[in-house]
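Colleague: One structure, as structure tokens, below. Some questions next.
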């Protein structure tokens with residue numbers, strides 16, 4: 001157990017030593033509160049004249065802006081192992097050193113996942129606190145405080161998104177492709193959302209179904225109960241992680 | 001002339017750029033088909049998403065010099081004057097990005113019967129590529145540049161558009177009459193900043 005704790009601590013330190021991870025931490029933490037702050041007068045007017053009919057989701061909805069944070073963390077914790085380490089050893093990759101220190105590949109993946117969950121959950125808790133507090137201060141009276149279970153679900157969504165990015169990068173072994181795909185698909189009108197207009201089945205795509213754990217007012221063709229939604233998203237993450245882990249276990253480093 | 005020729009050969013032989021161009025073109029064709037099937041008649045709609053390909057293209061083109069074996073040291077040994085080198089880099093990237101942008105713009109606009117909007121879209125996408133390359137030069141890491149650019153273009157800017165639209169670099173993608181000046185200004189400033197940093201900073 002102590003060995004595993006050391007491995008997790010090592011992975012947290014490696015993750016927090018990456019400049020790109022810090023970019024993800026900064027962007028993911030600051031974007032959502034900053035945009036809530038900048039748009040507050042506009043949002044207040046929209047509530048007043050009825051453009052936003054049901055404001056009860058406002059704070060939780062705005063958390064989605066920061067999802068770029070867990071996506072970047074999940075991607076770079078893997079892709080950093082595969083990029084070249086520096087000009088003095090052009091072909092060397094960090095993964096060689098990592099596997100020399102921790103030859104058990106599945107244990108290494110478990111340690112990485114644990115480190116990622118710790119960092120992503122901490123970031124999620126921080127952003128949720130900041131955004132919900134700001135929403136209460138700026139728009140209080142219009143927006144009710146969400147139930148603790150819904151806030152917990154939003155934090156869970158955040159952590160599952162990080163694990164999803166982690167699993168996809170284990171499969172691609174390259175950071176730019178999953179990053180581009182995930183971030184482009186996290187926009188206000190995402191590709192997944194457009195697909196829900198084409199087929200009802202798209203409601204079960206991980207990003208759409210996961211949001212139903214805590215969002216109530218979005219216009220999806222099928223409503224999924226929060227617990228079912230959580231289970232479906234966890235299922236997606238579990239399957240992708242299993243594929244990623246199997247590949248990482250079998251493939252040449 | 002030699003510098004231009006060398007930079008051109010370096011760009012067109014990068015496998016990651018070819019892959020990015022192919023994926024972007026395929027995604028544009030797919031989205032153009034899907035939006036036509038869904039009855040949406042905006043030729044610029046698919047470009048809102050696939051401009052991500054141009055951001056990646058520019059970032060990879062610039063950051064490739066600084067990753068792996070740090071090719072930039074060899075480049076600077078053979079071409080020590082940095083500002084002309086940076087000018088050559090920018091010109092060649094524009095020359096490579098323009099046909100790619102024209103192909104993507106045509107794929108997006110022609111099926112919607114808006115071929116007249118293709119030239120403006122081509123110019124916009126080329127400018128976007130240059131802006132992304134400036135970010136790649138400044139950050140020297142492809143992943144970091146991609147994160148920063150996508151965070152702006154796909155997360156922050158859409159949410160700020162209602163109030164600050166005329167000042168954002170990507171408003172021109174939706175509404176060329178309103179955002180062209182901002183696009184030009186952002187790209188020019190980014191290129192100047194990147195050129196100055198490339199000139200001053202240790203390689």
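Each reported figure results from applying straightforward, stated rules to the coordinates on display, with no laboratory input. Just so you know, these numbers come straight off a predicted model, no measurement behind them. Here the Cβ is made from the backbone with ideal geometry for all residues, glycine too, and neighbour counts use every protein chain on show.
Colleague: On a 0 to 90 degree scale, rounded to 10, what angle separates helix B:82-109 from the longest Cα axis of chain B?
Modeller: Tilt of helix B:82-109: around 20 degrees.
Colleague: Extent of segment B:88-203 along each principal axis, from alpha carbon coordinates, in Å, largest to smallest?
Modeller: Principal axes ranked by extent give 50, 34, 24 Å for the Cα atoms.
Colleague: Evaluate peptide B:157-163: per residue, the Cβ atoms of other protein chains within 10 Å of its Cβ; return the mean as an integer.
Modeller: Other-chain Cβ atoms within 10 Å of each residue's Cβ, averaged: 4.
Colleague: Now a separate question. Can you tell me the Rg and the Dmax, both Å, for the Cα atoms in segment A:49-169?
Modeller: For segment A:49-169, the Cα radius of gyration and maximum Cα-Cα distance read 19.1, 63 Å.
Colleague: Which order do peptides A:12-19, A:202-209, B:126-133 fall in by mean Cβ count within 10 Å, highest first?
Modeller: Ranking the peptides A:12-19, A:202-209, B:126-133 by packing returns B:126-133, A:202-209, A:12-19.
Colleague: Report the dimensions of segment B:30-118 along its three principal axes from the alpha-carbon atoms, largest first, rounded to Å.
Modeller: Here the Cα extents, ordered largest to smallest, are 55, 26, 13 Å.
Colleague: Percentage of Cα-Cα pair distances in the protein assembly as shown greater than 27 Å, rounded to whole percent?
Modeller: Pairs farther apart than 27 Å: 56 percent.
Colleague: Also, I was wondering about something else. Please compute the alpha carbon radius of gyration of segment A:104-253, then divide it by the globular-protein estimate 2.2 N^0.38 Å. Two decimals is fine.
Modeller: Ratio of Cα Rg to 2.2 N^0.38 Å: 1.14.
Colleague: Right, here's the next one. Note the angle between two axes, namely the Cα long axis of helix B:118-139 and the longest principal axis of the Cα atoms of chain B, as a number of degrees from 0 to 90, rounded to the nearest 10.
Modeller: 40
Colleague: While we're on this one: I want to check the label-to-label distance for residue B:13 and residue B:188. Put each point 7 Å from Cα in the C-beta direction and report it in nm to one decimal.
Modeller: 3.6
Colleague: On average, how many beta carbons from a partner chain sit within 10 Å of the beta carbon of a residue in A:172-181?
Modeller: Mean partner shielding for this stretch: 5.
Colleague: Now a separate question. Report the Cα centroid-to-centroid distance between segment A:190-252 and segment B:131-201 in angstrom, as an integer.
Modeller: Cα centroid of segment A:190-252 versus Cα centroid of segment B:131-201: 31 Å apart.
Colleague: With chain A treated as a Gaussian network of Cα nodes joined by springs under 10 Å, which of A:122, A:101, A:34 yields the largest mean-square fluctuation?
Modeller: It is A:101.
Colleague: What is the mean projected area of the alpha carbon convex hull for chain A, to one decimal in square nanometres?
Modeller: 14.8
Colleague: Continuing with the same structure: Be a star and scan segment A:146-165 for residues whose amide nitrogen sits under 17 Å from the point 7 Å along the Cα-to-Cβ vector of residue A:118.
Modeller: It comes to A:159, A:163, nothing else.
Colleague: To the nearest Å, what is the center-to-center distance of segment A:18-37 and segment A:94-128, using C-alpha atoms only?
Modeller: Each part's Cα centre sits 20 Å from the other's.
Colleague: Give the calculated FRET efficiency between residue B:202 and residue A:94 to the nearest 0.05, with a Förster radius of 35 Å applied to their Cβ-Cβ distance.
Modeller: The pair residue B:202/residue A:94 has a calculated efficiency of 0.90.
Colleague: Moving on to the next point. How well do other chains shield peptide A:21-33, expressed as the mean number of their Cβ atoms within 10 Å of each residue Cβ?
Modeller: 3
Colleague: How much length, in nm to one decimal, is gained on full extension between residue A:137 and residue A:46, taken as 0.36 nm per residue of separation minus their Cα-Cα distance?
Modeller: Contour length minus Cα-Cα distance gives 31.1 nm.
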